1. Taking the stretch 275-306, which GluC sites (Glu not before Pro) meet the DSSP loop condition and have no more than 14 other C-beta atoms within 10 Å?
2. Taking 0.36 nm per residue of separation and subtracting the Cα-Cα distance, what length does fully extending GLN129 through VAL59 add?
3. If you line up the long axis of helix 201-211 against the longest principal axis of the chain, both from Cα atoms, how many degrees apart are they, to the nearest 10?
4. Taking the Cα centre of the chain as origin and charging only Cβ (+1 Lys, Arg; -1 Asp, Glu), how large is the dipole, in debye to the nearest 20?
5. Carbon and sulfur together cover what percent of the accessible area of the chain at a 1.4 Å probe radius?
6. Based on Cα positions only, what radius of gyration and what Dmax would you give for the chain, in angstroms?
7. Of the GluC sites (Glu not before Pro) in the stretch 1-87, which ones lie in a loop per DSSP and count no more than 14 other C-beta atoms within 10 Å?
8. Rounded to the nearest 5, what % of DSSP beta bridges with both residues in the stretch 267-330 are antiparallel?
Amino acid sequence: MAHPDSLADAIAQADSWNARVALIRRVPEDYGRSRWREVYSAIAQRAYVPNLAPNFAYVHADEDYELPAVARAVAEAKKGTAGFTQVAASDLTRTLREFPRAMRCFRLILGFTAPEMAASTKTVAARLQLKAVSVDRIKGLEQGRGQQDDFLHVLAETVHLAMNGDLFPPAAPDLRSKQERPDLEDGWATVRLLAKKGVPYEMFLHQRHYGGYFSQLLNATSELRGNILEDAVDEVFQDAKIKAIRTGSYNQSEIAGRFHLTIQPAPDFVVYDNNETVRALLECKTINNGGTARDKATRFASLREAAKSHGGVPVIAVLGGLGWTRTADGLGPVVQACEGRVFTLSNLREMLTVDPFPALMS
């Protein structure tokens, strides 16, 4: 009986994925149940953890969040207000009429997201007996689309009151307004100074520390991030002409009726052949926390049980995030349930070399 580390090295160095699967299948035969956790953990650590990448290292690009979009908004706001010197409510209304993209600058000065800006207009609109401004109208302005004067008036008054500290009631003793920060220490006077001379680097870093760098972009692209693994698998299957359905666009009853697959929720992908026979179940999971990885590992064991009713078809995992570096009760059990068919974005196309995909492609 090989030492677990020696077996793990052999699996990591196997000349094919099918050979790797064959070695992993021998674990229950070669080791007593009491050692399975240790063995699968060693395999996961040696053969699979090296392929994991930190998904926090990357963000999706979005032109609305790039420097040119912000720079244009600031330039137009400066032009409309004569370098932030003409900042009465009437001046702001005129600026928004002439330079609608300046709205992005004013919103960012206040430290509001677009939904927060829209919510802030409700009280002002009621006071002026006008309509509040929707998120879509605010986004329209920021993209250069003009709006009715009533809406511009409400937005201008909202910005004016917020800058004067009169938009909301005084903060409780343990809270502070979002406008109580170094780059607004003296209101518009500080804005004028910083716009002219630049922001000190320590102030820039303080804002990054305070607000969380990339947080707005990450929130705006959360759906893209949530689908990154599924989108990549979809692309691989389409390129290889593998028949598979991405179950997120189907309801459970359709999956059950078509494939007699009753596990709920259905796996992310059901791979099938020309006869509509299930050939593999594939699940994607991005996890950044070890405790969550432990909790989610049981999902793959459940899929393994569901696969038995279809002749023991393979269960395949596509994983992302450093939470899976927890191997003893996280990644190890996934390797066990999938018999080693565990992939990441870095080696996803190698998945096509493991059964059942070569036969399905031919």
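The values are calculated or read from the model by the stated rules, or taken from the named source; none is laboratory data. This is a predicted model, so every value here is computed, not measured. Backbone-built Cβ (ideal geometry, glycine too); neighbour counts: all protein chains shown. These area figures cover heavy atoms from the full protein model, side chains too; ligands, DNA and RNA do not enter into them. Shrake-Rupley method; radii C 1.70, N 1.55, O 1.52, S 1.80 Å.
1. Values: sites: GLU276, GLU283, GLU305; in loops: GLU276.
Passing sites in the stretch 275-306 are GLU276.
2. Details: separation 70, 0.36 × 70 = 25.20 nm, distance 4.20 nm.
Gain on extension, GLN129 to VAL59, equals 21.0 nm.
3. Helix 201-211 sits at roughly 60 degrees to that axis.
4. Values: 43 positive and 43 negative charges, 65 e Å.
The dipole of the chain has a size of about 320 debye.
5. Numbers: 9540 of 18900 Å².
Looking at the chain in its full context, I get 50 percent from C and S.
6. 27.9, 83
7. Hits after loop and neighbour filter: GLU66.
8. Details: 4 of 10 bridges.
Among the beta bridges of the stretch 267-330, antiparallel pairing accounts for roughly 40 percent.
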